[in-house]
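Participant: Structure below; questions to follow.
The values are calculated or read from the model by the stated rules, or taken from the named source; none is laboratory data. Bear in mind the structure is a predicted one, so any value in this text is a computation, not a measurement. Cβ placement follows ideal geometry from the backbone for every residue including glycine, while neighbour counts extend to all protein chains displayed. For the accessible areas, the whole protein counts, side chains as well, though only heavy atoms, and no ligand, DNA or RNA atoms are used. Shrake-Rupley method; radii C 1.70, N 1.55, O 1.52, S 1.80 Å.
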Amino acid sequence: MALTWLAMAAALAAVALLRLAWQRRSRGRPISIAGWLLLLASCVLGTVADGEWGLCLVALAAMAGAAALLAHAALTAPAGKAPPPDRRANILPPAGAPARIGRRLIVFLLVGPLAFAVSLVLALASRVLAHWAGWREADGIVLSLLVFPLYWALLAWLMLMETHQGRRTAMLAVSGLAGGLLLWTGAGM
């Protein structure tokens, strides 16, 4: 049970790191990545310590911590006097600036259908890894169904956080090639 308490404390620390990263004027990418990785580690630790009950307690701690931080922010923020944030979503270009429709279309294609396809390849490669680890076929199929949306969300998040188009494409290509290689080597199973 001590490991579960440690995992719950790590989940609370992860939520605090994420809040710290998100309240910065800049993106705070290193702190954000550290927060997500700590949250993932706390989930794994809770699961190893007490199975699904440990994972449930870690998730509960993380949600309670996030709710407490949001409640504190809501109670301490001045009513209607906070200036709008300096960050922009860049959904529309500034007046008179080029629309860069082609670049936006490429980002959509990379993050949408292409990341979907690469995530599917990675999910099927996870099934190959499960087969090699001695898992039953049904367990491998369930694993691939479980990790598919996680891979897609992770790829989409990483690519949208990246500002350089070449790095976005490289992330997709490397992930796709790695998954494809695993699929190719496990094709005879």
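Participant: When the range 137-189 is examined, which residues are found to be hydroxyl-bearing (Ser, Thr, Tyr) and open to solvent by less than 60 Å² (accessible area, probe 1.4 Å)? Please lay out each step first, then the result.
Facilitator: Taking the range 137-189 as the starting set, the residues that turn out to be hydroxyl-bearing (Ser, Thr, Tyr) are 144, 151, 163, 169, 175, 185.
Answer for the range 137-189, where residues must be hydroxyl-bearing (Ser, Thr, Tyr) and open to solvent by less than 60 Å² (accessible area, probe 1.4 Å): 144, 175.
Participant: While we're looking at this one, here's another question. When you look at residue 3, is it open to solvent by 80 Å² or more (accessible area, probe 1.4 Å), touching a helix residue (DSSP H, G or I) at 6+ places or on another chain (Cβ under 7 Å) and modelled with pLDDT under 95, yes or no?
Facilitator: Details: open to solvent by 80 Å² or more (accessible area, probe 1.4 Å): yes; touching a helix residue (DSSP H, G or I) at 6+ places or on another chain (Cβ under 7 Å): yes; modelled with pLDDT under 95: yes.
Yes: the conditions hold for residue 3.
Participant: Here's a follow-up. State which residue pairs qualify: first residue among the basic types (Lys, Arg) and inside the range 2-30, second residue open to solvent by 20 Å² or more (accessible area, probe 1.4 Å) and part of a helix (DSSP H, G or I) in any location, beta carbons under 9 Å apart, and separation of 6 or more residues or different chains.
Facilitator: 19/66; 19/69; 19/70; 19/73; 24/31; 27/161; 29/161
Per-residue answers, yes or no, for (1) open to solvent by less than 50 Å² (accessible area, probe 1.4 Å); (2) more than 28 Å from residue 161 (Cα to Cα); (3) not in a helix (DSSP H, G or I):
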site: 7; (1), (2), (3): yes, no, no
site: 19; (1), (2), (3): no, no, no
site: 24; (1), (2), (3): no, no, yes
site: 32; (1), (2), (3): yes, no, no
site: 42; (1), (2), (3): yes, no, no
site: 47; (1), (2), (3): no, yes, no
site: 54; (1), (2), (3): yes, yes, no
site: 58; (1), (2), (3): yes, no, no
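Participant: Hey, does the range 128-142 have a residue that's under 20 Å from residue 36 (Cα atoms), of a type in the set (Asp, Glu) and out of contact with any His (no Cβ under 7 Å at 6 or more places or on another chain)? Walk me through how you get there before you give the answer.
Facilitator: Step one: of the range 128-142, the residues under 20 Å from residue 36 (Cα atoms) are none.
No, the conditions are met nowhere in the range 128-142.
Participant: Within the range 110-133, does at least one residue satisfy the condition of being within 15 Å of the chain's Cα centre (by Cα) and open to solvent by 80 Å² or more (accessible area, probe 1.4 Å)?
Facilitator: Scanning the range 110-133 turns up at least one residue that is within 15 Å of the chain's Cα centre (by Cα) and open to solvent by 80 Å² or more (accessible area, probe 1.4 Å).
Participant: How many residues does the range 69-83 contain that are surrounded by fewer than 13 Cβ atoms within 10 Å (Cβ to Cβ), in a helix (DSSP H, G or I) and among the hydrophobic types (A, V, I, L, M, F, W, C)?
Facilitator: Number of matching residues: 5.
Participant: Now, a different point. Given (1) at pLDDT 90 or above; (2) farther than 22 Å from residue 33 by Cα, identify the lone condition not met by residue 153.
Facilitator: Every listed condition holds for residue 153 apart from (2).
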